[in-house]
2 protein chains.
Amino acid sequence: MNYAYSRRMEGEQDNAIREILALTSRPEVISFAGGMPSADAFPLDFIKEATNYYLENEPISVLQYGSSQGFGPLLRNLVTFFANKGLKTDVENFVVTTGSQEGIELVCKAFLNPSDVVLVESPTYLVALKTFKSFEAKCESVETDHEGVIPEDLEEKIKKFNPKLIYLIPNFQNPTGTTLNEERRKKCYEIAVKYNVIILEDDPYGELRYSGQAVPSIKSMDETGNVIYLQSFSKIVSPGLRVGAIVANKDIIRKIDSAKQSMDVHTASLNQAIVSRFIETGEVYTHVEKIRDLYRKKINTMTDCLGNYLPDGAYFSKPDGGMFIWCELDGKINSIPLLKEAAMLNVAFIPGMPFYAEGGHANTLRLNFTSSSLEQIEKGIKVLGDLIKTKY
Amino acid sequence: MNYAYSRRMEGEQDNAIREILALTSRPEVISFAGGMPSADAFPLDFIKEATNYYLENEPISVLQYGSSQGFGPLLRNLVTFFANKGLKTDVENFVVTTGSQEGIELVCKAFLNPSDVVLVESPTYLVALKTFKSFEAKCESVETDHEGVIPEDLEEKIKKFNPKLIYLIPNFQNPTGTTLNEERRKKCYEIAVKYNVIILEDDPYGELRYSGQAVPSIKSMDETGNVIYLQSFSKIVSPGLRVGAIVANKDIIRKIDSAKQSMDVHTASLNQAIVSRFIETGEVYTHVEKIRDLYRKKINTMTDCLGNYLPDGAYFSKPDGGMFIWCELDGKINSIPLLKEAAMLNVAFIPGMPFYAEGGHANTLRLNFTSSSLEQIEKGIKVLGDLIKTKY
């Protein structure tokens with residue numbers, strides 16, 4: 001039969017992503033594409049212990065149907081976890097999600113009608129753009145500089161577009177690596193309150209700081225319920241477990257909890273129990289230090305190599321944390337054909353264009369430094385730098 | 001701030017369900033509400049073994065990001081699993097889902113625009129109704145009798161409403177327990193083809209047959225790609241693991257895979273690996289026999305007790321499988337106040353009204369027999385029967 005798909009599925013174009021995934025799966029390729037944690041960064045022994053603990057002592061609680069809001073012990077442990085992050089919460093402020101990606105989907109489901117506007121950073125996380133578009137929302141870009149979103153332009157764009165949501169990744173942004181400073185965060189929050197708009201604060205990388213001082217989350221400034229905060233455990237425990245959390249006003253949580261019931265009933269309980277125990281035992285804090293040490297070496301190696309091998313005039317970001325470095329090359333270079341050439345030399349990255357709501361910016365690209373070894377970073381960046389030099 | 005939720009969240013009424021969940025959580029209540037498997041039905045030793053196997057031997061494959069379509073070994077094992085169920089498939093016919101509930105959500109996301117019509121059985125699974133409504137679809141009922149959906153009325157309703165989807169639970173239907181016979185399945189399929197409509201065949205209970213002969217799935221008759229089949233592993237492995245699968249034409253699978261990327265990236269990999277090994281080792285088949293033996297005793301006890309304790313003239317279904325028995329009481333009885341009275345006597349069930357797209361049918365109720373012990377069933381049905389007798 002001929003299928004009549006929904007309007008929201010029209011214009012679904014993820015060929016670029018699929019091509020890249022295909023590229024990165026060849027074993028000989030040094031891949032700076034993707035956004036995977038290092039295979040060395042998983043707390044394997046802890047996960048084994050926690051799994052055995054629950055299957056031995058509380059099997060029914062992790063194998064039976066659970067609450068859509070989340071596994072009780074995890075909800076209670078999240079209160080402590082967020083208190084340590086400077087956020088006062090109680091258990092009614094959370095819904096546990098199947099990864100923080102489901103958090104984006106659930107917030108969209110609760111808030112967005114077709115044609116609603118979402119303001120996004122330019123550039124921003126490409127799967128968030130895909131998600132907003134899958135709700136038939138319009139994504140409009142707010143200008144950014146190398147310190148993140150520009151509050152004055154945010155206010156202009158609110159006046160112009162009357163948006164429903166403002167989507168921000170304030171820490172070590174994907175794809176640029178930029179961290180929004182405290183003053184700008186305050187301004188963004190005040191603007192959101194002034195115009196009655198929700199800020200969706202996505203913070204998958206907040207724990208991955210390698211240098212500099214932590215900046216308070218926008219959610220920690222929220223006295224009005226204008227901020228919804230997304231926590232991911234993919235980068236500090238394991239992405240394969242698919243556990244994240246939404247932190248929001250209780251009224252929002254009730255709506256999202258209801259949407260969650262029909263989306264997947266609840267997030268897998270054994271997986272929630274592992275994360276719960278990770279917090280409860282304090283292992284999360286010692287493990288995050290290990291990850292930071294591991295990734296600090298990698299980012300330093302990559303920025304050193306980029307300094308050595310990229311041609312003069314090529315910009316690359318030097319983030320204080322996260323997983324990504326952003327490059328802006330000479331305007332005559334298009335990073336999509338560049339990727340094809342690089343792939344033939346067994347190096348992969350992601351072209352910058354799909355990170356922009358309006359496309360364009362063909363001269364940009366994103367590099368991931370967490371999933372490659374130091375040797376791969378040195379080798380791959382030299383190959384890439386030498387290739388780029390031939391274009392200057 | 002005042003929140004402007006999406007239109008799809010308007011009229012969200014799940015107070016009835018919430019009240020019931022609140023009732024069933026009191027430990028002294030014998031609950032025939034809910035739809036939970038027996039705590040004795042989980043293959044705990046197998047789950048421990050499978051978990052240890054993967055964490056020892058292939059930790060990265062279950063802890064790292066995975067494919068949105070599903071865990072490779074599970075996709076391959078699903079081909080065998082479905083071959084044994086009389087369904088010829090290959091790996092490109094599947095998307096693994098976070099429970100089969102996510103299967104419903106994903107099919108809605110791929111197909112439904114606001115105001116589209118979904119034809120449903122009258123009555124049908126209440127969370128499916130909630131899901132369709134969350135996509136702003138209109139649910140229209142097709143008449144059923146004690147043998148399931150009536151094909152002639154299905155054709156009438158297709159002509160009248162021009163639906164996008166027909167949602168059917170052909171095996172041991174939720175809530176009625178009815179199984180659609182082979183002849184009616186064929187007719188429903190032919191009608192779907194004739195009018196170019198998708199049948200969404202939800203089969204969470206198919207493996208739970210206690211008497212009679214298996215009936216071929218509608219999907220097994222599908223030569224045109226009109227049928228999307230939903231498999232659940234919640235009832236034969238564990239609902240807490242949240243693993244299900246969509247079986248469909250490859251074109252549909254590509255769309256759903258794309259929607260899955262923004263919904264939750266992929267289903268938790270360790271959980272998929274456990275299910276994969278459950279199939280691969282053949283444990284699924286021996287375990288299903290154990291569950292059947294366990295539940296056969298329970299359903300027989302419940303139907304015996306209903307025969308003994310319900311007043312003459314009260315109807316109850318005698319399903320060949322599944323988890324539910326359906327009761328139709330005298331027309332003057334309303335099962336919502338009846339539930340309140342029963343709860344005071346420490347017995348719970350679900351009133352039938354929320355299972356009807358158009359409401360009404362206040363004299364009906366659903367009983368679950370899988371999660372209570374034989375003693376609880378005997379005690380609880382006597383209490384309930386005695387209470388109902390006072391209304392006749």
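What aspartates and glutamates could a cross-link reach from A:Lys219, if we take a straight Cα to Cα line under 15 Å and drop same-chain neighbours fewer than 8 places away? Filter leaves A:Asp90, A:Glu182, A:Glu183, A:Glu190, A:Glu201, A:Asp202, A:Asp203.
Taking the Cα centre of the stretch A:25-148 as reference, the dipole from Cβ charges on Lys and Arg (+1) and Asp and Glu (-1) amounts to some 220 debye. Placing R0 at 45 angstrom, the Cβ-Cβ distance between A:Lys88 and B:Glu143 gives a FRET efficiency of 0.25 after rounding to 0.05. The antiparallel fraction among DSSP beta bridges confined to the stretch B:44-282 stands at about 35%.
Amide H contacts of B:Glu140: B:Val118, B:Leu119, B:Val120, each under 5 Å away and 5 or more positions distant or on a separate chain (H built 1.01 Å from N in the peptide plane; Pro and chain starts excluded). With a ≥ b ≥ c the root eigenvalues of the C-alpha gyration tensor of the stretch A:341-392, is it rounded (a/c under 1.5), prolate (a/b larger than b/c) or oblate? Verdict is oblate for the stretch A:341-392. Label positions at B:Glu280 and A:Asp45, each projected 7 Å from the Cα along the C-beta direction, are separated by 2.7 nm. Given their separation in residues at 0.36 nm each and the Cα-Cα distance between them, B:Asp386 and B:Glu223 gain 53.6 nm when the chain is fully extended. Students often get this wrong: which residues of the stretch B:24-43 have the backbone nitrogen under 16 Å from the point 7 angstrom along Cα-to-C-beta of B:Thr80? So the set is empty, nothing qualifies. Which of rounded, prolate, oblate describes the stretch A:167-274, given a ≥ b ≥ c as roots of the alpha-carbon gyration tensor eigenvalues and a/c under 1.5 marking rounded, otherwise prolate only if a/b is larger than b/c? Here the stretch A:167-274 falls in the oblate category. List, in the order given, every pair from A:Lys133/A:Lys250; A:Lys164/B:Lys160; A:Lys260/B:Lys382; A:Lys109/B:Lys187; A:Lys130/A:Lys159 whose Cα-Cα distance in the structure shown is over 32 Å. Result: A:Lys164/B:Lys160; A:Lys260/B:Lys382; A:Lys109/B:Lys187 exceed 32 Å.
Could you put B:His146, A:His266 in order, starting from the residue whose Cβ has the fewest other Cβ atoms within 10 Å?
Listed from fewest to most nearby Cβ atoms, that is B:His146, A:His266.
For the protein assembly as shown, a Kirkwood radius taken over Cα pairs fed into Stokes-Einstein (10 °C, viscosity 1.306 mPa s) yields D = 58 µm²/s. Inter-copy label distances at A:Lys389, shortest first and taken from points set 7 Å along Cα to Cβ: 9.5 nm. Each peptide in A:290-299, A:230-239 was scored by the mean count of other Cβ atoms within 10 Å over its residues; highest first, the order is A:230-239, A:290-299. For the residues of A:100-106, the average number of beta carbons from a partner chain within 10 Å of their own beta carbon is 4.
What is the distance, in nm, between label points placed 7 Å from the Cα along the Cα-to-Cβ direction at A:Arg296 and at B:Glu358? Computed distance between label sites A:Arg296 and B:Glu358 equals 6.9 nm. Extending 7 Å from Cα along the Cβ direction at B:Met9 and again at A:Ser25 yields two label points whose distance is 3.7 nm.
Could you give, in nm with one decimal, how far A:His146 is from each other copy of that position, shortest first, with labels 7 Å out from Cα toward Cβ? Spacings between copies for this position, smallest first, are 7.9 nm.
Classify the stretch B:44-282: rounded, prolate or oblate, from the alpha-carbon gyration tensor (a ≥ b ≥ c, eigenvalue square roots; a/c under 1.5 rounded; otherwise prolate if a/b is larger than b/c)? Let's see the in-between values first.
Details: a/c = 2.03, a/b = 1.59, b/c = 1.27.
Here the stretch B:44-282 falls in the prolate category.
Considering helices alone, the calculated mean residue ellipticity of chain B at 222 nm is -13500 deg cm²/dmol, with DSSP H runs of length four and up weighted by -39500 (n - 2.57) and normalised per residue. If R0 is 51 Å, the Cβ-Cβ spacing of A:Glu190 and B:Lys318 corresponds to a FRET efficiency of close to 0.20. Remark: mean inter-chain Cβ contacts per residue of A:130-136 equal 3, using a 10 Å Cβ-Cβ cutoff to other protein chain atoms.
Dipole magnitude for the stretch B:44-282: about 300 debye, using +1 per Lys or Arg Cβ and -1 per Asp or Glu Cβ, origin at the Cα centre.
Once the Cβ-Cβ distance of A:Lys340 and B:Asn113 is raised to the sixth power relative to R0 = 30 Å, the FRET efficiency obtained is 0.20.
Across peptide B:37-48, how many C-beta atoms of other chains are within 10 Å of each residue C-beta, on average?
So the per-residue partner count for this stretch is 3.
The smallest convex shape that holds all Cα atoms of the stretch B:1-154, its convex hull, gives 242 Å³ per residue.
As I understand it, the dipole of the protein assembly as shown uses +1 on the Cβ of Lys and Arg and -1 on the Cβ of Asp and Glu, about the Cα centre. Which of B:Leu112, A:Gly321, A:Ile236 lies farthest toward its positive end? It is B:Leu112.
Taking the Cα centre of each part, how many Å lie between the stretch A:38-63 and the stretch B:209-274? First find each Cα centre; the distance between them is then 26 Å. Per-residue 3J(HN,Hα) values for the stretch B:33-42, derived from phi via the Karplus relation 6.51 cos²θ - 1.76 cosθ + 1.60 with θ = phi - 60°, read 7, x, x, 8, x, 5, 4, 7, 9, 8 Hz in sequence order (x marks Gly and Pro).
Throughout, read-outs are computed from the coordinates displayed, never taken from laboratory work. It should be emphasised that the depicted structure is a prediction, and the values quoted were computed from it without experimental measurement. We place every Cβ from the backbone using ideal geometry, glycine too, and count neighbours over all the protein chains shown.
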